[in-house]
Amino acid sequence: MKKIAILGSTGSIGTQTLDVVRANGDIEVLGISAGHNIEMLEAQIREFSPRLAAVWEEESAAELKKRVADTNTRVVAGMEGLLELAVLPEVEILVTAIVGMIGIQPTIAAIKAGKDIALANKETLVTAGHLIMPLAKEHQISILPVDSEHSAIFQCLHGENQRTVEKLLITASGGPFRGKCSEKLRQVTVEDALKHPNWSMGHKITIDSATLVNKGLEVMEARWLFGVDLDHIRVVVQPKSIIHSMVEFADGAVLAQLGTPDMKLPIQYALYYPERRYLAGERLNFGTLTQITFEKPDVETFRGLPMAMKAARIGGSMPTVFNAANERAVAKFLRREIGFLDIYEVIEGAMEQHKTVENPGVEQILEAEAGTYEWIESRWHR
């Protein structure tokens, strides 16, 4: 039995990871965690009987402890709880499906404890890739990408000589507003932004897809995951999400990974790598698939991508500021406190006011995050 723990088991990636566990029957879930959704966490405890359940909020943890007192699952809380879950003995793979920068410290702890990481938490590499990747190499553990685009690149690189990679081509659907001008985007609602044309995802990542911030974060991640310079990473719009990403090699050959938009595929690939297993679900029908089209991303309207590239090139603590500003701006948009285009204004302002710290450690990364939140609240408070 393969043994795993999941940071963020009640979110989109976490619940789909448990779908994969159910379908295969040979994975034991030793630990799970949530922010505050104790109803779902309780149901997961009763189904999977983990040894440990971590809850970010102390009050919710206390309530869950009462609810599952009749089980053998121990309930812990806060960052200490997440860190304990990350280093659980016997766990082979930690699935980091948690949203936000609270995933950084547990990921570092898990790496130091010799756990492989099935990485779905973007913030870990975006803000701390310069710390994570050398640490993973030092402890000889694998970082297995769960994000569909990075999984696609990972699959294309399997068996290839990394030194022959010429270019990474990360695909984007373009989101729900592809083709719209800035004037029309002034009027869009939260409901409009959450209508992704292809993927079923959590609210935050769906908004990131609409702004193209998501692609910027993926470029930053890819840089660290695959050791490829930013000048050799491109974003191309492929509206139907059939090609999940591509790799161009030195001889001009291009390998692409195709499939239906189903996150369970990259999740399962990461959990069983290098084995490829049967996965139930819809298949591509090349008899009815008439065309696959490509477009350049509209970086003048959807400024999330060029701002991300700017943050990545500056480096140091700037990617943290970009990420934190976006995180707070999206939360404000979802609460209807700001408009869709204001997300870009918040990010741009936060980046302009920040004094970059070179080679930041974890504490400096967290300080940059906190400082960015404080700056935003002082100017965008409602």
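Conditions (1) closer than 27 Å to Ala324 by Cβ; (2) free of Cβ contacts under 8 Å to residues at least 24 places away in the same chain; (3) of a type outside the set (A, V, I, L, M), marked per residue:
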{"position": "Ala5", "(1), (2), (3)": "yes, no, no"}
{"position": "Gln16", "(1), (2), (3)": "yes, no, yes"}
{"position": "Ala69", "(1), (2), (3)": "no, yes, no"}
{"position": "Ala77", "(1), (2), (3)": "yes, yes, no"}
{"position": "Gly81", "(1), (2), (3)": "yes, no, yes"}
{"position": "Ile104", "(1), (2), (3)": "yes, no, no"}
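Please pick out the residue among Leu83, Leu135, Leu125 that is surrounded by fewer than 18 Cβ atoms within 10 Å (Cβ to Cβ), among the aliphatic types (A, V, I, L, M), out of contact with any strand residue (DSSP E or B) (no Cβ under 6 Å at 6 or more places or on another chain) and within 30 Å of Ala250 (Cβ to Cβ).
When all the criteria are applied, what remains is Leu135.
Given the criteria touching a residue at least 12 places away in the same chain (Cβ under 8 Å), under 23 Å from Pro176 (Cβ atoms), surrounded by fewer than 19 Cβ atoms within 10 Å (Cβ to Cβ) and not aliphatic (A, V, I, L, M), does Glu358 qualify? The answer is no for Glu358. Mind listing whichever residues of the stretch 109-124 are at pLDDT 95 or above, within 18 Å of the chain's Cα centre (by Cα), part of a helix (DSSP H, G or I) and not β-branched (Val, Ile, Thr)? Hit for the stretch 109-124 is Ala110, nothing else. Going residue by residue through the stretch 91-99, is there one that turns out to be touching an Asp or Glu at 6+ places or on another chain (Cβ under 9 Å), farther than 20 Å from Glu123 by Cα and surrounded by fewer than 24 Cβ atoms within 10 Å (Cβ to Cβ)? Yes: one or more hits. Leu88 fulfils the conditions (1) crowded, with 23+ Cβ neighbours inside 10 Å; (2) closer than 22 Å to Glu138 by Cα; (3) in contact with a Leu (Cβ under 6 Å, 6 or more places away or on another chain) except for a single criterion, (1).
Of the residues making up the stretch 23-46, those that are without any contact (Cβ under 8 Å) to a residue 12 or more places away in the chain and either in contact with a His (Cβ under 8 Å, 6 or more places away or on another chain) or within 19 Å of Thr71 (Cβ to Cβ) (or both) are Glu39, Ala43.
Table: residues versus (1) part of a loop (DSSP other than H, G, I, E, B); (2) modelled with pLDDT under 95; (3) under 20 Å from Ala120 (Cα atoms).
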| site | (1), (2), (3) |
| --- | --- |
| His36 | yes, yes, yes |
| Pro50 | yes, no, no |
| Ala62 | no, no, no |
| Asn72 | yes, no, no |
| Val76 | no, no, no |
| Leu85 | no, no, yes |
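Just one residue in the set Glu352, Glu337, Glu348 is farther than 14 Å from Ala210 by Cβ and either of a type in the set (Val, Ile, Thr) or not in a helix (DSSP H, G or I) (or both); that residue is Glu337.
This table checks each residue for (1) in contact with a Gly (Cβ under 8 Å, 6 or more places away or on another chain); (2) closer than 21 Å to Ile205 by Cβ; (3) modelled with pLDDT under 95; (4) part of a loop (DSSP other than H, G, I, E, B).
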residue: Glu90; (1), (2), (3), (4): no, no, no, yes
residue: Ile98; (1), (2), (3), (4): yes, yes, yes, yes
residue: Thr107; (1), (2), (3), (4): no, yes, no, no
residue: Val126; (1), (2), (3), (4): no, yes, no, no
residue: Leu135; (1), (2), (3), (4): no, no, no, no
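Considered as a group, the residues in the stretch 4-34 that are of a type in the set (Val, Ile, Thr) and in a strand (DSSP E or B) include one that is nearest to Thr96 (Cα to Cα), and that residue is Ile6.
Selection within the stretch 156-181: residues that are in a helix (DSSP H, G or I) and in contact with a strand residue (DSSP E or B) (Cβ under 9 Å, 6 or more places away or on another chain). The member of this set that is surrounded by the most Cβ atoms within 10 Å (Cβ to Cβ) is Cys156. Screening the stretch 182-274 for strands (runs of 3 or more DSSP E) wholly inside it with 1 or more residues that are touching a Leu at 6+ places or on another chain (Cβ under 7 Å), under 20 Å from Tyr344 (Cα atoms) and of a type in the set (Val, Ile, Thr) returns the ranges 233-237. Here Gly8 clears all of (1) closer than 28 Å to Ala329 by Cα; (2) surrounded by 18 or more Cβ atoms within 10 Å (Cβ to Cβ); (3) touching a Pro at 6+ places or on another chain (Cβ under 9 Å) except the condition numbered (3).
Starting from residues that are among the basic types (Lys, Arg) and either exposed (fewer than 13 other Cβ atoms within 10 Å of the Cβ) or within 28 Å of the chain's Cα centre (by Cα) (or both), keep the ones in the stretch 55-80 and report whichever is nearest to Ala113 (Cα to Cα). This residue is Arg74.
The values are calculated or read from the model by the stated rules, or taken from the named source; none is laboratory data. The model shown is predicted, which means the values in this text are computed figures rather than measured ones. Heads up, the Cβs are rebuilt from the backbone with ideal geometry, glycines too, and the neighbour counts pull from every protein chain shown.
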